[in-house]
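Read the structure below first, then the notes.
The values are calculated or read from the model by the stated rules, or taken from the named source; none is laboratory data. Keep in mind that what you see is a predicted model, and the values were worked out from it rather than measured. Neighbour counts are summed over all protein chains in view; Cβ atoms, including those assigned to glycine, are modelled from backbone coordinates with ideal geometry. Only protein heavy atoms, including side chains, enter the accessible area calculation; ligands, DNA and RNA are left aside. Shrake-Rupley method; radii C 1.70, N 1.55, O 1.52, S 1.80 Å.
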Amino acid sequence: MKITCNKNELTNALQIVARAVATKPQTPILSGIYLRAEGTTLELQATNYEIGLVARIEADIEEPGELTVGGRYFQEVVRKLPGENVKLACTADEKIVHIESAMAKFTLLSMNAAEFPTIQPLEGNLDFAIKDNILRDLIKKTVFACSTDEARPVFTGCSLEVTENKVTMAATNTHRLSVKSETFDQSIGNIKVIIPSRILQELLHNMSSDIPTDVKISCSYNQISFSFDNLYMTSRLIEGQFPNYRGVIPPDFATHIKTDTVAFAAAVDRISLIARAGVYNTIKLEFADNQIHITSNNPEIGNAEEYIPAEIDGPDIAIAFNAQYIIDVLKNIDSKTCRIGLNQPLSPASIQEEDDDSFVYIVTPVRTNH
């Protein structure tokens, strides 16, 4: 293999695929990045068997071929090269990759490319396309609510449910639930799967185009793939049954509140400075007289309070929450004002955008001693 390509493009592609390089590989080959040069394209692949990432860039290919090189060193070397272009060369019989850029020359030991478990396009039993801005919104408004507790795998991913022309994503860690849906003009099909939060975070990280682009999604019983621009991502699905979350969403609320999203988020963030030291990061919210009184008290540190204006319709109520659960959702609300729905001090509450019923966030209150 003998190629020349743009250094920045190669660095960006390496940055993407390196996130799938196994940190504690089951076999040494998984610590490598696989490169294949063909036509005018250089393809880079990495996988840890859980997720697989593929990036493609344009290259001037003198001799097509494939090679696998240790991911960590290769990425570091390329990132620090001095020139604008990089030359890569490797012959079949010598186990060495030659790297040149401007006046710098490196050689890295290569691995056996034939051993690399190359990522093949997924043959799914459901294929559909979705605009990246819509998919971004579905993920952004749910993935933050996933659990990080590996002992209960189904809660570490997002449920993706497709029923005819409606796509719904949901995530819960049992103390909070975030649900976002989107309706399409035509039927897509029917499927119900749990996607690991990690691949969704990768997707969010890489879907950055200003003009809406199609993301092609392919789904089988145990795998899912996403394809857009010059990227291809594949992931194992989480096995198990996602809980029936619809029963958790209260049908109506006694007290309805409207308040400024940014002001509310900033106040909760400030008051939580005192709360953070506690076990449950608890803040207390009192809704009365068209204002929200936010307080936090920690006997070992001090206390904090703040009032923010709000429109309140319904009985006054005092309720306590884990501050982080409130901050997380407010960060992902796009409307200027948000709506809060409350029933009893120990009943689940809802937080929604101003006029968007396709997104709902349910949070369980915290018991307090006072």
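Restricting to region 348-365, name every residue that is open to solvent by less than 30 Å² (accessible area, probe 1.4 Å) and out of contact with any Lys or Arg (no Cβ under 6 Å at 6 or more places or on another chain).
Those that are open to solvent by less than 30 Å² (accessible area, probe 1.4 Å) and out of contact with any Lys or Arg (no Cβ under 6 Å at 6 or more places or on another chain): Ala349, Ser350, Ile351, Glu353, Val360, Tyr361, Ile362, Pro365.
Can you find a residue in region 312-326 that is part of a loop (DSSP other than H, G, I, E, B), of a type in the set (A, V, I, L, M, F, W, C) and open to solvent by less than 40 Å² (accessible area, probe 1.4 Å)?
Taking every residue of region 312-326 in turn, none turns out to be part of a loop (DSSP other than H, G, I, E, B), of a type in the set (A, V, I, L, M, F, W, C) and open to solvent by less than 40 Å² (accessible area, probe 1.4 Å).
Go through region 218-227 and give me each residue that's modelled with pLDDT under 95 and surrounded by 21 or more Cβ atoms within 10 Å (Cβ to Cβ).
The answer is Cys219, and nothing else.
What's the total number of residues in region 41-68 that are touching a strand residue (DSSP E or B) at 6+ places or on another chain (Cβ under 6 Å), more than 21 Å from Lys95 (Cβ to Cβ) and polar (S, T, N, Q)?
The qualifying residues number 1.
Looking only at residues that are hydrophobic (A, V, I, L, M, F, W, C) and either more than 35 Å from the chain's Cα centre (by Cα) or in a helix (DSSP H, G or I) (or both) in region 66-99, which one is nearest to Asn48 (Cα to Cα)?
Among those that are hydrophobic (A, V, I, L, M, F, W, C) and either more than 35 Å from the chain's Cα centre (by Cα) or in a helix (DSSP H, G or I) (or both), it is Phe74.
Restricting to strands (runs of 3 or more DSSP E) lying wholly in region 100-180: which have 2 or more residues that are closer than 30 Å to Gly83 by Cα?
Qualifying strands (runs of 3 or more DSSP E): 104-111.
Look through region 181-215, keep the residues that are part of a strand (DSSP E or B), of a type outside the set (Val, Ile, Thr) and surrounded by 15 or more Cβ atoms within 10 Å (Cβ to Cβ), and return whichever of them is nearest to the chain's Cα centre (by Cα).
Among those that are part of a strand (DSSP E or B), of a type outside the set (Val, Ile, Thr) and surrounded by 15 or more Cβ atoms within 10 Å (Cβ to Cβ), it is Pro196.
Filter region 243-258 down to the residues that are outside any loop (DSSP other than H, G, I, E, B) and either open to solvent by less than 40 Å² (accessible area, probe 1.4 Å) or not small (Gly, Ala, Ser) (or both) and list them by number.
Tyr245, Arg246, Val248, Thr255, His256, Ile257, Lys258
Give me a count of the residues in region 147-161 that are surrounded by fewer than 21 Cβ atoms within 10 Å (Cβ to Cβ) and not polar (S, T, N, Q).
7
Given (1) open to solvent by less than 20 Å² (accessible area, probe 1.4 Å); (2) hydroxyl-bearing (Ser, Thr, Tyr); (3) at pLDDT below 95, identify the lone condition not met by Thr68.
Here Thr68 clears every test but (3).
Could you tell me whether Gly240 is in contact (Cβ under 8 Å) with a residue 60 or more places away in the chain and loosely packed, with under 13 Cβ neighbours inside 10 Å?
yes
Do we have any residue at all in region 293-311 that's among the polar types (S, T, N, Q), touching an Asp or Glu at 6+ places or on another chain (Cβ under 8 Å), without any contact (Cβ under 8 Å) to a residue 40 or more places away in the chain and open to solvent by 20 Å² or more (accessible area, probe 1.4 Å)?
Scanning region 293-311 turns up at least one residue that is among the polar types (S, T, N, Q), touching an Asp or Glu at 6+ places or on another chain (Cβ under 8 Å), without any contact (Cβ under 8 Å) to a residue 40 or more places away in the chain and open to solvent by 20 Å² or more (accessible area, probe 1.4 Å).
For region 71-87, give me the residue count where each residue is within 26 Å of Ile199 (Cβ to Cβ), surrounded by 18 or more Cβ atoms within 10 Å (Cβ to Cβ) and at pLDDT 95 or above. Please lay out each step first, then the result.
Our first condition is that a residue be within 26 Å of Ile199 (Cβ to Cβ); within region 71-87, this holds for 71-76, 78-79.
Then keep just the ones that are surrounded by 18 or more Cβ atoms within 10 Å (Cβ to Cβ); that gives 71, 74-75, 78.
Filter once more, keeping what is at pLDDT 95 or above: 74-75, 78.
Total meeting the criteria: 3.
Could you look through region 327-352, keep only residues that are of a type in the set (D, E, K, R) and either more than 19 Å from Val248 (Cα to Cα) or part of a loop (DSSP other than H, G, I, E, B) (or both), and pick out the one that is farthest from the chain's Cα centre (by Cα)?
Among those that are of a type in the set (D, E, K, R) and either more than 19 Å from Val248 (Cα to Cα) or part of a loop (DSSP other than H, G, I, E, B) (or both), it is Lys336.
Determine, yes or no, whether Thr261 is modelled with pLDDT under 95, surrounded by 15 or more Cβ atoms within 10 Å (Cβ to Cβ) and more than 30 Å from Gly189 (Cβ to Cβ).
Details: modelled with pLDDT under 95: no; surrounded by 15 or more Cβ atoms within 10 Å (Cβ to Cβ): yes; more than 30 Å from Gly189 (Cβ to Cβ): yes.
Here the answer is no, as Thr261 does not meet what is asked.
List, please: which pairs have Cβ atoms under 6 Å, are six or more places apart or on different chains, and start with a residue in region 136-154 that is in contact (Cβ under 8 Å) with a residue 40 or more places away in the chain and end with one that is among the aromatic types (Phe, Trp, Tyr) and open to solvent by less than 60 Å² (accessible area, probe 1.4 Å)?
Listed by first residue and then by second, the contacts come to Lys141/Phe359; Val154/Phe242.
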